[in-house]
1. Scan the stretch B:407-421 and give yes if some residue there is within 14 Å of chain A (Cβ to nearest Cβ) and either among the charged types (D, E, K, R) or open to solvent by 30 Å² or more (accessible area, probe 1.4 Å) (or both), otherwise no.
2. What's the total number of residues in the stretch A:29-86 that are of a type in the set (A, V, I, L, M), open to solvent by 50 Å² or more (accessible area, probe 1.4 Å) and within 14 Å of chain B (Cβ to nearest Cβ)?
3. Name the single residue, out of those in the stretch A:95-109 being aliphatic (A, V, I, L, M) and within 18 Å of A:VAL193 (Cβ to Cβ), that is surrounded by the fewest Cβ atoms within 10 Å (Cβ to Cβ).
4. Got a number for residues in the stretch B:174-212 being in contact (Cβ under 8 Å) with a residue 12 or more places away in the chain, more than 30 Å from A:GLU127 (Cβ to Cβ) and charged (D, E, K, R)?
5. Within the set of pairs 6 or more residues apart or between chains, which connect a residue that is in contact (Cβ under 8 Å) with a residue 12 or more places away in the chain inside the stretch A:23-34 to a residue that is surrounded by 15 or more Cβ atoms within 10 Å (Cβ to Cβ) and among the basic types (Lys, Arg) with Cβ atoms less than 7 Å apart?
6. If a residue has to be facing chain A (nearest Cβ under 7 Å), open to solvent by less than 40 Å² (accessible area, probe 1.4 Å) and hydrophobic (A, V, I, L, M, F, W, C) to count, how many in the stretch B:326-352 make the cut?
7. Quickly run through the stretch B:129-146 and pick out the residues that are in a helix (DSSP H, G or I) and surrounded by 15 or more Cβ atoms within 10 Å (Cβ to Cβ).
Amino acid sequence: MAVRNLNSAPAVIELEQVNKWFGQFHVLTDINLLVKQSEKIVICGPSGSGKSTLIRCINRLEEHQAGTIAVRVDGQRIELTNDVKNIEAIRKEVGMVFQSFNLFPHLTILDNLTLAPIWVKKMPKKEAEAIAMSLLERVRIPEQALKYPGQLSGGQQQRVAIARALCMRPQIMLFDEPTSALDPEMVKEVLDVMIELANEGMTMLVVTHEMGFARSVADRVIFMDFGEIVEQAPPAEFFANPRNERTRLFLSQILHH
Amino acid sequence: MSQATEAGQVAPARLPPTVDTGAIAWLRKNLFSSVGNSLTTIVLAGLLVWLAVWFIDWALLKATFQAESGQACVGTGGACWALINDKLRLIFFGSFPYEEQWRPLLAILAMIAMLVLSCDRRMWNWRLAIVWAIGSFVTFLLMFGQIHIPVTLIFVVALLAGAGGYLLRRATAPDMERIAWIVLMALGALYLVLRVAGVIRGAAIPVAPFEYVETGLWGGLPVTMILATYGLAAAFPYGILLALGRRSNLPLIRALCVGFIELIRGVPLISLLIMASFLLPLFLPPGVSFDKFLRAQVAVILFAGAYIAEVVRGGLQSLPKGQFEAADAMGLNYAQKTAFIVLPQALRVVIPPLINTFIGFFKDTTLVLVIGIFDFLNTANAALVDPKWAGFPGEVYLFAAFVYFCFCYSMSRYSKYLERELNKGTQR
C-alpha cells in the first residue's frame, strides 16, 4: 500500500471538546479529533465505550450537547448545528453503513441505491441507475439489482448497503461495526470491498473489532473507553506498543481468545 | 484410497419422507384419526346436513316468491321472498322519486366500478385520481341530477394539481413537463388572486341533465355506499396525518393530534352524529346551514379518522429504528422519508387491522338512522312497516344481512389478496 502524506491534507472532520450525555450517563467526554482527507481511522473499544455514538454524532443521528463538530463540504467548513440546512448538507457528503444493513425491504436493490441520488441530489433517473449499476458491479453483485433485500445473504446485503451509501458520491464514509452481524464466512467479502474503497482514497471512519483490517488499512487506530479517547496511534505502534493499561487489557482480550 | 476418503465422504442424498396424498388419506388423517375424532366428525356432519336440509326446505322448496300480499305466505312453512320482491326498490333506493330510480341504480354501478378499478395496484398513481374524479362526478350527478360547478373550484384544483405535480416530478421530469406544471399552478394562482381582489365575479358552470333530487330524499344502498366510500376515502389520508402528527417532534402538533384522537375515541359515534345533526346548527351563524347528509358524512370522517390513526400508529411503531436512521443518513428530508420509506412499510404491516376497521365502519354507517337518514338497513326496516306484509321481518333482515355480507366479505378477500400481492418478492 502506498504511503500517504497526510500532513499536508486538509482536515475534513473536526471535533472539538465534544460532550454528550444519555440522561445522566456521560457517553462522550471531551472528544477532540481531526480527520484529514483520505485518512482511514479505525475506532475500537469495549461495548458501551461510545465509539458508535461518536461516529453517529458526525452525521447527526445523535445530537451532541457541548463542543463543536464541523465537516468540510465543497471546501467550506460547515458546523453541525440545529440548522436543518447544515445537517442536510453534511449528510449529503457523509455516507454511512450500519451493523444491521438497514436496507429498505420494500424496494428492489436498484431502487435502494437510486432513491437518495434521485430525491436528494435531484439526479435524473437514468443517470442514477447507471451509477447504481456501476457501483453494484464494483461490489460484485450486479446480477442482484432487481431482487429485494430479503432475497440476499447478509454479506451481499452489506455490500449493497455500501454501494447505496457510495451512490451519493460522498467524501466521507462512516462504518458502524459493518461486519458484526455477519456470518464468519461473509466477513471477508465485505472487508474486501472496504479495503478497495480505502485504496481509492476515501476518507473512512470505521468502528470495528476486525484488527486485521485495522492493521492493514488504518492510518490511525483510536481506542475508546468510558466515552473518552484513551489512546490513538498508527496501527504498527498501537498493536506493538500500547501505552495505556486499558488498551493493553482490551487488546489482550480480543487478540488472545 | 477408498478408506482415506471415507471420513470426508459426502453422505448420499436421501429421499424426503413419503407423503400420503389423495382424498381417503386426507380424510383419515384429518377427520377419522381416532375414535373421538371420528365420533365428533359424524355428529357435526349430521348436524350440518340437518341444518342445510332445513334451510333449503325453508328458503327454496316451501318459499313463496310471487304474491300479492303477506297473506299468501301464511301457513306455507317457507320463506316469504315475495315481500323482498315487492319491496326491492324501496329497500335499495328508499324514497328516491320512483320514476327516477334508474339513477341511483346507475350510481351504485358507477361506484362499484370505481372501487373495483381502485383495487388494482397498477392503478395506484395518477390514474387513481382520474378514476375517482370521473366516478365521483358521475355518481353525484346521477344522485343530485344537477350539479353546479363553481369556476373557482376548477382553478383551485388546477393550482393544487400544478403544485403537486411540480413538487413530485420536479426532480425527474423533462423541462416541458415541469413548465406545464408551473403554468397550471400559475393559472390557478392568477385566477384566485383576481377573484379575491374582486376583478372576476364568482360563477358556476351548471350541469343539469336531470330533475334535481335533494339529499333528504336519498336512501338505501347508494346512501350506505356513499357514506362508507367517501367517509373512508377521506378518513384514510386524514388518519395517516393524525398518526404522523401524533409522533411529531413538535409538542403543539402532537398535543393537538393526541387530544383529537382521544376525544373522538372517547365518545360513541351516535353522540357525534347527534351533535353534528342537532348541535352544530346552533353554533353556526344564522343563514349558514350545511346539508344534514354532509354533516353526517363529516362526522363519519372525523370518527373513522381517529380509529385509522391509531391503526396506522401501530404500523409506524413496528418499523425498526434503523429504517429511519438509514433514511436520515442518506439525507432524505421528512416528507421524502415518510413517503418513500416509512408509510409504504407501515401501511403494509397494518393491512389486516386497517381492513378490519374499514369493515367495521362500513357497518357503522347504519347508525345514521338516529338522525333520520335512510341508509340501506333503515330502508329495509321501512319495508316492514307496510301492514300488507306484516309478520315477515326475518326475510327482510336476512336479505339485508346478505347484502352487507357481500360487501364485507369482498373487502376481507381483498385484504388477503393485497397482503399477498404487496409481500411478493420481499420474502424469500
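The values are calculated or read from the model by the stated rules, or taken from the named source; none is laboratory data. Computed from a predicted model, the values in this text were never measured in an experiment. With ideal geometry, Cβ positions are generated from the backbone for all residues, glycine too; neighbour counts draw on all protein chains shown. To get the accessible areas, we keep the full protein, side chains included, count just its heavy atoms, and leave off ligands, DNA and RNA. Shrake-Rupley method; radii C 1.70, N 1.55, O 1.52, S 1.80 Å.
1. yes
2. Result for the stretch A:29-86: 1.
3. Among those that are aliphatic (A, V, I, L, M) and within 18 Å of A:VAL193 (Cβ to Cβ), it is A:LEU103.
4. 2
5. Close Cβ pairs (under 7 Å, with a partner that is surrounded by 15 or more Cβ atoms within 10 Å (Cβ to Cβ) and among the basic types (Lys, Arg)) amount to A:VAL27/A:LYS20; A:LEU28/A:LYS20.
6. So the answer is 5.
7. B:VAL131, B:TRP132, B:GLY135, B:SER136, B:VAL138, B:THR139, B:PHE140, B:LEU141, B:LEU142, B:MET143, B:PHE144
Yes/no matrix, rows are residues, columns are (1) in a helix (DSSP H, G or I); (2) surrounded by 13 or more Cβ atoms within 10 Å (Cβ to Cβ):
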| site | (1), (2) |
| --- | --- |
| B:HIS148 | no, no |
| B:LEU160 | yes, yes |
| B:ALA163 | yes, yes |
| B:MET176 | yes, no |
| B:TRP181 | yes, yes |
| B:LEU184 | yes, yes |
| B:VAL193 | yes, no |
| B:VAL196 | yes, no |
